[in-house]
Amino acid sequence: MADRRISLSEAARRSGVPASTLKRWAEEKIVPVRRGRWTVAAAAQARVVARMRERGYSLEDLRSAGQEGRLAFGFAEELFTGSEEAITLEQAAAETGLEPELVERILVILGTPKGQRELSKEDLAALRHCARVLAAGFPLVAFLQLVRVYAQSMRRIADAEVRLFHLYVHEPLIRDAVPELEMAEEMGDLVADILPLAAPLTEYLHERYLRFFVEQDVVGHMEADSAMDTAEIELGHVHVALCFIDLTGFTRYTEEEGDIEALDVVENFVAGVEGTLPREATIVKTIGDEVMVVSPDAASLTRWAVDFLSRFPQRPQPRVGIHYGDAVYRDGDYFGSQVNLVHRVVNRALAGEVLVTDAVCGAIAGNESLELEPIGEVSLKGFPTPTELFVVRAR
């Protein structure tokens, strides 16, 4: 696809660069053009050159980068459909029935710069979907959070796709000194083959995890503490077991063993958490060597934590903090003082320790496989009242 022949005028239209400038860039070998024959890949690279010029790069720098193949990934935009027809924000609001302020708010969440008044037909199609969801009765406050989660998740997916393609496809081609135009054509063919697979795989994963979490929600309601009056829980809050687990002494370990060894340790650690968690537990996020987990069942989460830590006899050893309480659920994450509390708890734990609050003790009372060792009331930073903590071990 990337080697398809096009005219000079078509190359100018695609790249947004005047034909006279394109001819000069071709003559000066800024853009690879064979015997005056323009291709989709060459036009894409010309567009990249124009953008880099706007950023202040010299033609000599761009010539060197192009000859090394470092600009060859610019062709990828040619694989995406898009219209040139511009639609104003006010027109989009009128066609969807949404308030202009709400349209702008949704677009900002989706990644459109605030204040941009011209939209594409694709933007309008997305806004129509949003309008249908709201018209069906889905609450606006929940809808905006859901859109934000979609946007954040897809941004992360797209970022990973581009970075991994660059690291494991583009860079090896550069190191093998593949000619720039041949490189662009080879990568273009590969992406054209792979790109259509993304949507079916994403749809499959979405349906699979949606089914799983629907089941978890039903189970969570059935197994909730019957003594708890759910009407007392504020809207947007959830009562859940909150857990942080990290690696003690990880900074020093990195300094002593190096970044690559430390990265391997973190990857194995996170993979271990993912592969052993109870079915009802969920990883919320990972930040470096720290993992946040939530579960409706504090007892099973605590049993898992004790067993998991026994798998790490050598440093850097994990440590765990667990608390059971209310948290604000927003944008796929958990917030509030109770989350801050459990984060303080894990920071007080020693290597290989599971440290829990008294709220967790009530949930695991009578469990014959675990024993509790009280360490007394501990002052935690940011909390005026000391918190009673317990070390949990296998009996």
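The values are calculated or read from the model by the stated rules, or taken from the named source; none is laboratory data. Nothing here was measured: the structure is a model prediction, and the numbers come from that model. Neighbour counts run over all protein chains shown; Cβ positions are idealised from the backbone, glycine included.
Any residue at all in region 254-274 that is in contact with a helix residue (DSSP H, G or I) (Cβ under 8 Å, 6 or more places away or on another chain), within 24 Å of Ala359 (Cβ to Cβ), assigned by TED's automatic domain parsing to the domain that holds Phe383 and outside any helix (DSSP H, G or I)?
No: zero hits.
Go through region 100-121 and give me each residue that's under 18 Å from Ala151 (Cα atoms) and outside any loop (DSSP other than H, G, I, E, B).
Within region 100-121, Leu102, Val103, Glu104, Arg105, Ile106, Leu107, Val108, Ile109, Leu119 qualify.
Out of (1) within 30 Å of Arg148 (Cβ to Cβ); (2) surrounded by 15 or more Cβ atoms within 10 Å (Cβ to Cβ), what's the single condition that is false for Val391?
Of the numbered conditions (1) within 30 Å of Arg148 (Cβ to Cβ); (2) surrounded by 15 or more Cβ atoms within 10 Å (Cβ to Cβ), the odd one out for Val391 is (1).
Here is a yes/no grid of residues against (1) in contact (Cβ under 8 Å) with a residue 60 or more places away in the chain; (2) over 30 Å from Glu256 (Cβ atoms); (3) within 29 Å of the chain's Cα centre (by Cα):
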{"site": "Ser300", "(1), (2), (3)": "no, yes, yes"}
{"site": "Val342", "(1), (2), (3)": "yes, no, yes"}
{"site": "Glu353", "(1), (2), (3)": "no, no, no"}
{"site": "Ser369", "(1), (2), (3)": "yes, yes, no"}
{"site": "Glu373", "(1), (2), (3)": "no, yes, no"}
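Collect the residues in region 277-298 that are outside any strand (DSSP E or B) and either crowded, with 19+ Cβ neighbours inside 10 Å or modelled with pLDDT of 90 or more (or both), keeping them in residue-number order.
Across region 277-298, the qualifying residues are Leu277, Ala281, Asp289, Pro296, Asp297, Ala298.
Of all residues in region 158-191, count the ones that are surrounded by 15 or more Cβ atoms within 10 Å (Cβ to Cβ) and closer than 27 Å to Gly111 by Cβ.
7
All but one of (1) assigned to a loop (DSSP other than H, G, I, E, B); (2) modelled with pLDDT of 90 or more hold for Gly321, so report the exception by its number.
So Gly321 meets the others, but not (1).
Does any residue of region 134-141 turn out to be part of a helix (DSSP H, G or I), more than 30 Å from Pro32 (Cβ to Cβ) and in contact with a helix residue (DSSP H, G or I) (Cβ under 9 Å, 6 or more places away or on another chain)?
yes
Is it the case, given these coordinates, that Ser369 is hydroxyl-bearing (Ser, Thr, Tyr) and modelled with pLDDT under 90?
The answer is yes for Ser369.
Based on this model, can you work out whether Arg303 counts as at pLDDT 90 or above, touching a Leu at 6+ places or on another chain (Cβ under 6 Å), surrounded by fewer than 21 Cβ atoms within 10 Å (Cβ to Cβ) and in the same structural domain as Glu257 (by TED's automatic domain parsing)?
No; evaluated as a whole, the condition is false for this residue.
What are the pairs with Cβ atoms under 6 angstrom where one residue, in region 145-162, is at pLDDT 85 or above and the other, located anywhere, is hydrophobic (A, V, I, L, M, F, W, C) and outside any helix (DSSP H, G or I)? Sequence gap at least six, or different chains.
Matching pairs, first to second residue: Ala151/Leu110.
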